[in-house]
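Just passing along the structure, written as structure tokens.
No lab work stands behind these numbers, since they all come straight from the coordinates. The model shown is predicted, which means the values in this text are computed figures rather than measured ones. Virtual Cβ from ideal backbone geometry, glycine too; neighbours counted across all protein chains shown.
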Amino acid sequence: MTDAAGTARQVARSEPVKVGARIGLVAYGITHLLIAWLALQVVFTGGGERTDQNGAFQAIAAEPFGRVLLWVLVVGFVAVALWRLSQAVLAAGGVQDTKKQVQKRVERGFQAAVFLALAILAGRVASGGGSGGGGQKAAAGALGWPGGQFLVGAVGLGILAVAVVKAKHGWQKKFLDEMDTPSDQHARQVVERLGQVGSIAKAVALGLIGVLVVVAAVQFDPAKANGLDPALKTLAAEPFGMIMLAAVALGLAAYGVFCFFDAKYHRV
């Protein structure tokens, strides 16, 4: 464990990983801005664009030099994944684990997995591969297991729990704990509001995914468990859904802009 911690510490403190992590945070912001834009296209034109990470990466790939940019995003996402993974290993700092330290390990490990998944997805799009239906295939496989409905339902409830925590942390401005925010009061207030609004919007989107996963388990229908795109479009189909979708899209855009500030001020 000591050797692993030492290696993780070297990785976390290496300059390439630090620079790459900041690039990855910028890439994360760009991804959210594109998802917000695609969602607003659904609101204003009723278009059928994919309102998820895959749709965002496909939009980038369609532009001149888009595939080159995607590979830059892949490098950034991998750097953030390595950085968060090293933080997960170092969370206890070589001392006995406490409840908070264990929580930090889990959070950092989850974040590393998210960015690794983004890197894989962006890499597939950059290389011309498809990636749709992953959530549906996974749900279909799990539902076929003994007790699969309970397992998928538990996953959905877990996603809902994460959404609640994300909203709570956003409201409490927990994201500031890892940032050296600007000394200018106005700039600090802008960062705080963007982080609050964006985090809560992300929590709403995540909560919608959790609800659909639970519905997929209850109805034994894996087609309902397929990620952010169907979640947002399900929201759009509800009464006043377009208004709610627009609000979520603007919130995701706020989070995208916040990521640019986070890339500058986060303690890496």
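Starting from 0.36 nm per residue, how many nanometres of slack lie between K168 and Q219 once their C-alpha separation is accounted for?
15.4 nm
Given the pairs K100/K174; K173/K233; K18/K264; K99/K264, which span a C-alpha to C-alpha distance of over 19 angstrom in this model?
Flagged as over cut-off: K173/K233; K99/K264.
Still on this structure, I have one more. Using θ = phi - 60° and the Karplus relation 6.51 cos²θ - 1.76 cosθ + 1.60, list the HN-Hα couplings for segment 170-175 in order, rounded to whole Hz, with x at every Gly or Pro.
Running phi through 6.51 cos²θ - 1.76 cosθ + 1.60 with θ = phi - 60° gives x, 4, 7, 6, 5, 4 Hz.
What ³J(HN,Hα) values, in whole Hz, does the Karplus curve 6.51 cos²θ - 1.76 cosθ + 1.60 give for segment 99-105 when θ = phi - 60°, with x put for Gly and Pro?
4, 5, 5, 5, 4, 5, 4
How much length is gained on full extension from V19 to V114, taking 0.36 nm per residue of separation minus their Cα-Cα distance?
32.3 nm
Something else about it: Which FRET efficiency, nearest 0.05, do M242 and L176 yield, Cβ-Cβ r, R0 30 Å?
Efficiency at R0 = 30 Å is approximately 0.35.
At what distance in angstrom do the alpha carbon centres of segment 149-168 and segment 230-268 lie from each other?
19
While we're looking at this one, here's another question. Using 7 Å Cα-to-Cβ label points, what is the R67/S183 separation (nm, one decimal)?
Spacing of the two 7 Å Cα→Cβ label points: 4.8 nm.
Here's something else I'd like to know. So, by mean Cβ neighbours within 10 angstrom, what's the order for 100-112, 201-213 with the highest one leading?
201-213, 100-112
Next question. How high is the relative contact order of segment 13-76, in percent, with contacts defined as C-alpha pairs under 8 Å that are six or more residues apart?
About 38 percent, as a whole number.
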